[in-house]
Amino acid sequence: MSAPEGAKTQRLSSKAISAPPEQILHDLLAESPSILASIVDNLPVALFVKDADHDFRVVLWNKKQEDITTIPREKALGRTDFHMFSQESAQYFRQVDEAVVRRGKLFEIPEEIISTPGGGDIWLKTTKAPVFDTTRNRTFVIGISEDITPQIRVREQLKELNTHLTLANQQLQETQLQLIQAEKMESVGRLAAGVAHEVKNPLALLLMGVEYLASGITENDPNLPEILTEMRDAIARADRIIRGLVDYSSSRQLSLESHELLPLVENALLLTRHEVRKGNINVEVIFEKDLPPVFIDLAKMEQIFVNLIINAVHAMEGRPRPNLEIYAYATRIPEVERDEGARTARHLRSGDEVVIVEIRDNGSGISEENMQKIFDPFFTTKATGVGTGLGLSVVRKIIELHRGRISLRNRVSGGVAVSLTLKVAPTVQDELDKGPFKKKQ
Amino acid sequence: MSKKILIIDDEAGFTKLLRMNLERNGDYEVMIENHSVHALKTAQAFQPDLVLLDLVMPGLDGGDVAALFQADPKLKKVPVIMLTALVAHGETSTGSVAQAAGVTVLPKPVEMATLRSCITDILEKS
């Protein structure tokens, strides 16, 4: 008596619940041998098996493997890679297959390119493993490949886009540096008259010295040592200011190095000495003791100070008791506002050690309306010929290149305070901490 | 009696060497004032026959000092030679405003021969 269909299914199910999984598969294959071929064929990955004892001839070649290699099963079975692929590719596959058998363990090829007989190149991620048939004492190599050509193409496109982006970024930075340089050269023009005046004074002294010496001196002229000392000092002074101007004008590229701020501020004050004196401005430089060096481009940072000093001088024109304060101290960033820049590692972050420099004047201040536009290129309240309006936009650009911050505010007592935040230069210890032996946090 | 010259200039080294040159080759009594804010007081005490005045100075500039002298009855007639690094050679002999106002302007650096003849001329005239 044969059981009804439903009863048979019922019997299989009840057996399935109690039987171990390998038994279920065994029974399934015994009842329907073609199911294995169907499973293999419907796998979403390419699968092949090669007989290691027979010249690595193909013994299994699934549907997906047909698709990606464009080689039909009937042309693959019983053949070696040398029949199907280029000599170079086949040679490589053979080496890997032999290595898999020799080592007796799984082998992963994260990326391999093969030329298909269909003419196209495809990228595969392949895993190969040895299979030992102990009953028949035979060895096979099983391979599973995944077509990663689309991912590789996207990656290549991204790489290309990235190259374009890097190039565009380089060009942008180059243009910015050119703009900074152009602005600097314009300020050199504006400073020239003042610098000439500052150089003429030591020259006047030198001429006085020469006149004295030329009019005949005796060996024990009591004035002689003093004259020579004064002349030597005058030469050093003229040299200092000319060298300062040359250094200021040079250096087109951005070169960030560890520098002390005070000598830089002193040099900026030397270049603007004439303007400051003409404006009858009292200057106070207040630097915290042992201020750490900052990570800056010397010439560009000096450009910032010259620019800000000149701005302050202009803002204090005609004001009573003009006073310029340059105040610097070190601190740590307590909290960075959440903006675009703050999210990247290259910008200032909470806890970063910084130096804050404030350039404070007691001039006319900035109206609320102008404060909004103050960093806009070509915005200026100065008369034609006095300024192009590029100054502060360039100052901000230079600060951005230093990954620093700039802000402006009206002071309660009148005038403006410009605040610069600059990263402290990394110490030798910082560099060591960044290295391969960095301690885990 | 030697003539009295007052130099008002904040460039201490320059004034020192200028005085040496003036005293060596001329019969002058020279006084230096490096701080323009004290210029009036020094001039009132010294009563110079001629003033050599710098233009760009911190505190009071040359113009301010000249104005103070103009307002002082004992100093208003004292001739002034302005020495400045601001003007270029060639700009001084073109009948400038300064000359019109009776002030002689000489550019720095100045040669002693030029300065000396200028001083002599002015002192002879006054």
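Going from the fewest other Cβ atoms within 10 Å to the most, the residues A:371, B:57 appear in the order A:371, B:57. Between residue A:243 and residue A:113, the C-beta separation translates, for a Förster distance of 60 Å, into a calculated FRET efficiency of about 0.50.
Each peptide in A:409-418, B:11-20 receives the mean, over its residues, of other Cβ atoms within 10 Å, and ordering these scores from highest gives B:11-20, A:409-418. Membrane-span-like helices in chain A, defined here as complete DSSP H runs extending at least 18 Å along the helix axis by their C-alpha atoms with mean Kyte-Doolittle hydropathy no lower than 0.5, are A:298-315; this is a sequence and geometry rule, not a statement about a membrane. Over all pairs of different C-alpha atoms, chain B has a mean inverse distance whose reciprocal, the Kirkwood radius, equals 14.5 Å.
Taking other C-beta atoms within 10 angstrom as a stand-in for reagent exposure, A:198, A:325 fall in the order A:325, A:198, fewest first. Applying D = kT/(6 pi eta Rh) to region A:133-215, where Rh is the Kirkwood radius over alpha-carbon pairs, T corresponds to 4 °C and eta to 1.567 mPa s, the Stokes-Einstein value obtained is 62 µm²/s.
Which of the residue pairs A:278/B:77; B:77/B:108; B:41/B:77; B:3/B:125; B:74/B:125; A:184/A:423 have a Cα-Cα distance greater than 21 Å in the structure shown? The pairs that break the limit, which is 21 Å between Cα atoms, are A:278/B:77; B:77/B:108; A:184/A:423. A cut-off of 5 Å between modelled amide H atoms, ignoring neighbours fewer than 5 places along the same chain, links residue B:83 with B:53, B:54, B:55, B:106.
Here A:61, A:123 are placed in order of increasing Cβ neighbour count within 10 Å, fewest first, which gives A:123, A:61.
The coefficient of translational diffusion for chain A, derived via Stokes-Einstein from the alpha carbon Kirkwood radius under 4 °C and 1.567 mPa s, stands at 43 µm²/s. Extension gain for residue A:41 to residue A:96 (0.36 nm times residue separation, less C-alpha to C-alpha distance): 17.4 nm. Among the residues of B:52-60, the average count of other protein chain beta-carbon atoms within 10 Å of the residue beta-carbon is 3. Working from Cα pairs under 8 Å separated by at least six residues, relative contact order for chain A is 9 percent. Note on A:219-232: average number of Cβ atoms from other chains within 10 Å of each residue's Cβ is 2.
Within the straight-line cut-off of under 17 Å between alpha carbons, the aspartates and glutamates reachable from residue A:63 are A:41, A:74, A:146, A:147, sequence neighbours fewer than 8 places apart in one chain being disregarded. One way to sum up the overall shape of region A:15-153 is the equivalent ellipsoid from its Cα gyration tensor, whose semi-axes run 28, 18, 15 Å, largest first.
A short reminder: the numbers here are calculations on the coordinates, not readings from a lab. For clarity, every value in this text was computed on a predicted model and none was experimentally measured. For neighbour counting, all protein chains shown are included, and Cβ atoms are generated from backbone atoms with ideal geometry for every residue, glycine included.
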